[in-house]
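Presented below is the structure to which this report refers.
The values are calculated or read from the model by the stated rules, or taken from the named source; none is laboratory data. Treat the numbers as computed from the prediction; the structure is a model and nothing was measured. Virtual Cβ from ideal backbone geometry, glycine too; neighbours counted across all protein chains shown.
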Amino acid sequence: MRKKLLIILLLAIGSAAAGVAQSSSLTLKEQLGKKLFFDKISSPANSMSCATCHAPSTGFTGPVAGINLHGAVYRGAAPQRFGNRKPPSSAYVTFSPVFYDAGGGFFIGGNFWDGRATGARLGSPAAEQALGPFLNPVEQNNPSKKAVLQKIAASNYAWMWQPVWGTPLQYSTQAQIDMNYDRVGLAIAAYEASSEVNQFSSKYDYYLQGLAELTAQEAWGLELFDGKGKCSACHVSEVAGDEPYPLFTDFTFDNLGVPKNPENPFYDMDRVFVNGQPINPLGDAWIDYGLGEFLANSGNAAWEAMAAANLGKHKVPTLRNVDKRPGNGFPKAYMHNGVFKSLKEVVHFYNTRDVVSANWPPPEVAANVNTAELGNLGLTNAEEDAIVAFMKTLSDGYVPSQNRLPGTMPFDAPASELSLDILEGNPFGEATRLAYYLPEKANVQLDVFSLSGEKVRTVVSTQQDEGRYEVGLAMNGLGSGIYIVRLQAGNQMATKKVVLVK
Ligand code: HEC
Ligand code: HEC
């Protein structure tokens, strides 16, 4: 009974705290960034936000099936205008280092397909990247930094500004405008770096912690990904440096010889004008030179000298969430121009690009094509499928299934009562194990809540027979603190407090 009283107390604390913070696992700065990411700050007003092209349901890339199936470029707030590339995922981008020359003409880091959001000025590629779309005439199309700040000042989340930055949101002098506009980018980057965006909650993450098992096909796919397929040479599948989990990119640039996407609407942008200039003066003759073009226009003489050796190269994207989609048949587009429409097609391209009978169209840029690591891998059809199956384990939001253990109970739970125990460490650093006993068949719901009452994990949600169960609890991606594990079975409930220390 004492146990139950404690539960009620804890839940009462929880609901009182809920009134203060909107979302406890995000700091106020991250919450401000989230508001800015989802707010439709655009011209025409309320027509487009970052999430219009980077939606959580598709792993923070484009969420419109009809666009993904064809040109893969998303229209701007001014509806006739199109940019030139497919939106990459905006998750896991904050791990990319500030763009640098690693020697020998090899570049690493930055944001965008061509790395041009270098991060050199603000120390964060993602923060610099986030300053672009609001003002880009083919994206959110706001007329000025000041106009963006005015819209934020008039929003219902404007109150967050002062507590986050320590000064009110002012924009009467150019210095105030510049400083506060940079802060817009920094807040968005904070959200992009948060545990809500970078969840590390895929099946593969649980597998690495011993909390999930790969199927035989997925495990074979992983072996091929690291071996015969050579994928991990660029999409690194192991932890590198001080990253918490593998990022599936080394942030380098490569020309894979990807063909043009003839449906890219940018080819028609010679007929659409901004300030009297065509958006794409070259029309159909336009070629996406990627990193080489950025270096050529960088104004840095050393970089300009290395432009030719980098024509056609694009940043290695993370493969996290590469298969995340709102439904099984929902189409996604792959590569910088979205020319490929399925993961199978992508793998088949790596496997057979240089096999004449495969008849792939010529590369968009013929210079600097990588022939050492792809082109003729000799993978069988079944091996291609296995690599695809492995990539499907990289979607966040996986719920590890509980494994029912036969045998006796190591703790004495009265056989008539629901019980919940923590088997391994508490406090713990990343993961622990829970055990519970169901006195009878019931609908079981095992959730983890923050102290403000926000549900941060669902561990079990299913009907189960009477018996003892053990489940892994991974808290990766969540901040240090006290959390409440709540087990509900029919009309019985048990809770435990767990302490996460990082
Ligand atoms: C109209 C669609 C559109 C909108 C709106 C948009 N983006 Fe993007 N985003 C793109 C495209 C296309 C690219 C790639 C452009 C390139 O590489 O030249 C991109 C690139 C990015 C990247 C780089 C990812 C990487 O791997 O380097 C990030 C981060 C990002 N966007 C975040 C944002 C944020 C934050 C906003 C809102 C301030 C936003 N985007 C608004 C289409 C959009
Ligand atoms: C030499 C480095 C390299 C190797 C090896 C490599 N990739 Fe890539 N991968 C890239 C680059 C660079 C891109 C983006 C190219 C572009 O858009 O032109 C990319 C893009 C992708 C994409 C599209 C992601 C998106 O968001 O559009 C997938 C999927 C992918 N690779 C899977 C694989 C698989 C599977 C393998 C192994 C069979 C592999 N890659 C091997 C460098 C590499």
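For (1) within 16 Å of ligand 1 (Cβ to nearest atom); (2) surrounded by 22 or more Cβ atoms within 10 Å (Cβ to Cβ), each residue gets a yes or a no:
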{"position": "Ala130", "(1), (2)": "yes, yes"}
{"position": "Pro133", "(1), (2)": "yes, yes"}
{"position": "Ser144", "(1), (2)": "yes, no"}
{"position": "Gln162", "(1), (2)": "no, no"}
{"position": "Gly166", "(1), (2)": "no, no"}
{"position": "Ile177", "(1), (2)": "no, no"}
{"position": "Asn180", "(1), (2)": "yes, yes"}
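Scanning the range 430-451 for residues that are modelled with pLDDT under 80 and in a loop (DSSP other than H, G, I, E, B) turns up at least one hit.
Considering only the range 31-67, state which residues are of a type in the set (Val, Ile, Thr) and in a helix (DSSP H, G or I). Within the range 31-67, Thr52, Thr58, Ile67 qualify.
Summed over the range 463-502, residues that are in a strand (DSSP E or B) and on the phi > 0 side of the Ramachandran plot total 2. Does Pro87 satisfy being over 21 Å from Arg121 (Cα atoms), within 12 Å of ligand 2 (Cβ to nearest atom), in contact with a strand residue (DSSP E or B) (Cβ under 6 Å, 6 or more places away or on another chain) and not assigned by TED's automatic domain parsing to the domain that holds Thr252? Yes.
Could you please find all residues in the range 68-79 being surrounded by fewer than 21 Cβ atoms within 10 Å (Cβ to Cβ), modelled with pLDDT of 95 or more and not in a helix (DSSP H, G or I)? Listed by number, the residues that qualify are His70, Arg75, Ala78.
The residues in the range 106-152 that are away from ligand 2 (no atom under 16 Å from the Cβ), of a type in the set (Asp, Glu) and under 20 Å from the mean Cα position of the chain (by Cα) can be counted, and the count is 1.
Here is a yes/no grid of residues against (1) on the phi > 0 side of the Ramachandran plot; (2) within 16 Å of ligand 2 (Cβ to nearest atom); (3) surrounded by 22 or more Cβ atoms within 10 Å (Cβ to Cβ):
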position	(1), (2), (3)
Gly221	no, yes, yes
Gly227	no, yes, no
Thr252	no, yes, no
Leu256	no, yes, yes
Pro262	no, yes, no
Val272	no, no, no
Gly276	yes, no, no
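Of Ser232, Ser237, Ser202, all but one fail to be of a type in the set (S, T, N, Q) and in contact with a Ser or Thr (Cβ under 9 Å, 6 or more places away or on another chain); the exception is Ser202.
May I ask you to say which residue of Thr52, Thr61 is crowded, with 21+ Cβ neighbours inside 10 Å, away from ligand 2 (no atom under 14 Å from the Cβ) and more than 23 Å from Trp286 (Cα to Cα)? Being crowded, with 21+ Cβ neighbours inside 10 Å, away from ligand 2 (no atom under 14 Å from the Cβ) and more than 23 Å from Trp286 (Cα to Cα) holds for just one of Thr52, Thr61, which is Thr52. The residues of the range 92-151 that are touching a Phe, Trp or Tyr at 6+ places or on another chain (Cβ under 9 Å), assigned to a loop (DSSP other than H, G, I, E, B), among the small types (Gly, Ala, Ser) and free of Cβ contacts under 8 Å to residues at least 60 places away in the same chain, listed by number, are Gly119, Ala120. Going through (1) within 13 Å of ligand 1 (Cβ to nearest atom); (2) under 30 Å from Gly103 (Cα atoms); (3) touching an Asp or Glu at 6+ places or on another chain (Cβ under 8 Å) one by one, Met335 falls short only on (3). Is there a residue being within 11 Å of ligand 1 (Cβ to nearest atom) and touching a Cys at 6+ places or on another chain (Cβ under 6 Å) anywhere in the range 70-81? There is at least one residue in the range 70-81 that is within 11 Å of ligand 1 (Cβ to nearest atom) and touching a Cys at 6+ places or on another chain (Cβ under 6 Å).
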